[in-house]
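I have placed the structure first, in the form of structure tokens, so that the comments after it can refer back to it.
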């Protein structure tokens with residue numbers, strides 16, 4: 001079975017985001033909601049590892065469907081961080097507000113992308 005372009009791109013996207021969380025964690029630390037217990041850096045690293053695990057699961061045909069569903073779930077789970085960013089950046093410059101607010105509706109097509117890959121895997 002040949003991997004679709006959507007699958008390869010999802011793997012690349014999730015791997016890149018996971019690596020970014022681990023290699024350059026500081027910007028991601030600021031997105032962690034204060035209500036979560038423990039240190040922010042721990043949550044940043046955990047989300048990076050989760051993204052890498054999703055990428056690995058999607059990369060292999062035997063685990064692709066489960067990995068893509070886990071990816072969709074992860075994207076739903078991190079939505080509060082996007083809300084926090086939008087709230088925190090509401091007084092920043094106009095271009096930064098566009099980035100912060102623009103991330104909110106982008107979660108929907110990202111979740112749809114992961115679900116599409118899951119359906120393809122069947």
*Applying the selection to segment 66-98, what residues are loosely packed, with under 14 Cβ neighbours inside 10 Å and over 12 Å from the mean Cα position of the chain (by Cα)?*
87, 88, 90, 91, 92, 93, 94, 95, 96, 98
*For segment 37-60, how many residues meet the condition of being closer than 15 Å to residue 74 by Cβ and either touching a helix residue (DSSP H, G or I) at 6+ places or on another chain (Cβ under 7 Å) or surrounded by fewer than 19 Cβ atoms within 10 Å (Cβ to Cβ) (or both)?*
15
*Right, residue 28: under 15 Å from the mean Cα position of the chain (by Cα) and under 16 Å from residue 85 (Cβ atoms) or not?*
yes
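So which residues in segment 111-122 are surrounded by fewer than 16 Cβ atoms within 10 Å (Cβ to Cβ), touching a helix residue (DSSP H, G or I) at 6+ places or on another chain (Cβ under 8 Å) and either at pLDDT 95 or above or closer than 15 Å to residue 11 by Cα (or both)? First the steps, then the outcome.
Step one: list which residues in segment 111-122 are surrounded by fewer than 16 Cβ atoms within 10 Å (Cβ to Cβ), which gives 112, 115, 119-120, 122.
Applying the additional criterion that residues be touching a helix residue (DSSP H, G or I) at 6+ places or on another chain (Cβ under 8 Å) yields 115, 120, 122.
Across segment 111-122, the qualifying residues are 115, 120.
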*Pairs, please: C-beta under 9 Å, at least 6 apart or cross-chain, first residue closer than 19 Å to residue 71 by Cα and in segment 14-34, second in a loop (DSSP other than H, G, I, E, B) and modelled with pLDDT of 95 or more?*
32/39
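The values are calculated or read from the model by the stated rules, or taken from the named source; none is laboratory data. Predicted model, so just to flag it, every value in this text is computed and none were measured. No Cβ is skipped: glycine too gets one built from the backbone with ideal geometry, and neighbour counts run over all protein chains shown.
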